[in-house]
Structure formats: C-alpha cells, structure tokens
Amino acid sequence: MLTVDFSRFPLAPGDRVLDLGCGAGRHAFECYRRGAQVVALDQNGEEIREVAKWFAAMKEAGEAPAGATATAMEGNALALPFPDESFDVVIISEVMEHIPDDKGVLAEMVRVLRPGGRIAVTVPRYGPEKVCWTLSDAYHEVEGGHIRIYKADQLLARMREAGLRPYGTHHAHALHSPYWWLKCAFGVDNDKALPVRAYHKLLVWDIMKKPLATRLAERTLNPVMGKSFVAYATKPHLPRAETEAGAGAGAGAGAMAAAEAGTATQ
C-alpha cells in the first residue's frame, strides 16, 4: 500500500533514493522495483533486518531490474551518515509526526538532497487525525507515538523554510480513516472487536484484489477524508553567484582543515 503517488513523483532508473524512516519498507521496495539505487534507513533495527531480507528475496526472485541496488541500514534521521547532495530523491512517509525536532529532520533531508532533486513528505491529515486523538488518548500518548498534528499549510511552510519548493499535494487512504476511528473507539489494542475485525477484512480484501468499486470510492473520498496528506517538493538550484561564493568558502575551509591537519602531524 503506497502513500506516495509515483505518477506525480517520477522516478528514473538509476536515481539515488533515500527512504528515511522506511519502517516495513513499502516505498523502498517500490523504488527498487523501478530500478533505483535505494537506501532504506530506520532507527528500528528489527525492521531494518526484515527489510534487508525482503531486498534479498526480491533480488533472488528477479523483481528488480539490472543496475538497481538496495541497502537497508540503521540510522538517526537527525544525523544522517551521508555526504551533502548524496541523493536524487528523498521519501519520508508517516515519520515527521513522531519527531520532536521536525525542522532538524527537514534540514538533514535538504542537506543530503542534490539541487534539483525531489522530496516526498507524507503525514497524517489534520481532520481524520484529530478525530483519532479525540476518541483515544492511547492512540497518541505512547512512547514513540504521534506528538503533533500537522495542518497542510503548516507543513508546507516548514518545507519552504527549509529551502524546498513545493509543487504538488494530495490526500490518500480515505478508506483507512474509518478503520482507525473504529480502533480508537473500541480500544487501539482491541483487535477482537467485531466492527474492527470486519473492517480490517474489508481493507485486506481491497489491498489484495484492488476492485474497481473501492478504488473509485477511495478516489472520490480522498479529498474529503483521506488519512494521509502528501506533499511533493524540489530543492532549487542556487544562483550562480551564490554557488561560486559557497565554493570559494568551501575551498577556504578545506585549505584551513588541511593546514591544521598538517600542523598536527608535524
């Protein structure tokens, strides 16, 4: 089940992709199938080990084209272990609502994204998420749970402040909103409640079979009650003068570092 719409977020074979906070790896797997050079990163070691196993299974089954690569690794979203401008594409899906320093995460994503690169950010939508918070404290008052609810304009403003240029938005997963409302109403840990079990079966059937009726229903309902808000943006190229100034400063810093290193070894 993908939240990012790749018809709005084009991906070319060979693109260097970072799936940040990859979780179970759904977007990373899709990028791998499309021929990208994928890094799936998450702080949860158990999930990363599972993602690595699935990458290996996909390679064994021939699901990824020649030239595609996939790596799963543990890491901290606030201190990414990559040089500046390492990636053509960054995806962060249903992660930022968990992180206190969301501005820091955005800054790190912008740092590792090349100028002209693309980024996709998805978060729970304000309306459906507010219903969940109202129905159940246990839904969000847990370790590692949701600590904020974004309004669309707030998220877009944060992205612009980080130096990104948003170019499109949409909503996704309308059929999943009622499921979470039921979960919150009957108890987030109560999977035995009949309405919850019945609706879960409907969702599984929909994901597996993709019938036209539910696909059309979700497309119609997404603008009204889509569970996720999705925003796409690019990292602008710097003006030539600013680029040259930055290069000069970088060269000066590099020379200073080299000089200091030379002094230390004498």
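The values are calculated or read from the model by the stated rules, or taken from the named source; none is laboratory data. Quick caveat: nothing in here was measured; it's all calculated off a predicted structure. Note that each Cβ is placed from the backbone with ideal geometry, even for glycine, and that neighbours are counted across all protein chains shown. Calculation scope for accessible area: heavy atoms of the full protein, side chains included, ligands and nucleic acids excluded. Shrake-Rupley method; radii C 1.70, N 1.55, O 1.52, S 1.80 Å.
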Worksheet item: Which is more than 30 Å from A157 (Cβ to Cβ) and among the β-branched types (V, I, T), of T214, T234?
Response: T214
Fill in: Among the candidates E143, E85, residue that is in contact (Cβ under 8 Å) with a residue 12 or more places away in the chain, over 27 Å from R215 (Cα atoms) and not small (G, A, S)
E85
Worksheet, complete the sentence: For M96, the lone unmet condition from (1) touching a Lys or Arg at 6+ places or on another chain (Cβ under 7 Å); (2) open to solvent by less than 30 Å² (accessible area, probe 1.4 Å) is (1)
Worksheet item: If we scan the range 151-174, do we find a residue that is closer than 22 Å to R219 by Cα, within 16 Å of the chain's Cα centre (by Cα) and among the polar types (S, T, N, Q)?
Response: yes
Discussion item. Condition (residue is open to solvent by less than 70 Å² (accessible area, probe 1.4 Å) and on the phi > 0 side of the Ramachandran plot) applied to the range 136-150: is it met by at least one residue?
Written reply: yes
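What number of residues within the range 117-134 satisfy the criterion of being among the hydroxyl-bearing types (S, T, Y) and assigned to a strand (DSSP E or B)?
Result for the range 117-134: 1.
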Worksheet, complete the sentence: Being among the small types (G, A, S), closer than 27 Å to L238 by Cβ and in contact (Cβ under 8 Å) with a residue 40 or more places away in the chain narrows A72, A79, A68, A107 down to just A107
Practice prompt. Give the number of residues within the range 160-184 that are touching a residue at least 12 places away in the same chain (Cβ under 8 Å) and farther than 27 Å from A213 by Cα.
Written response: 7
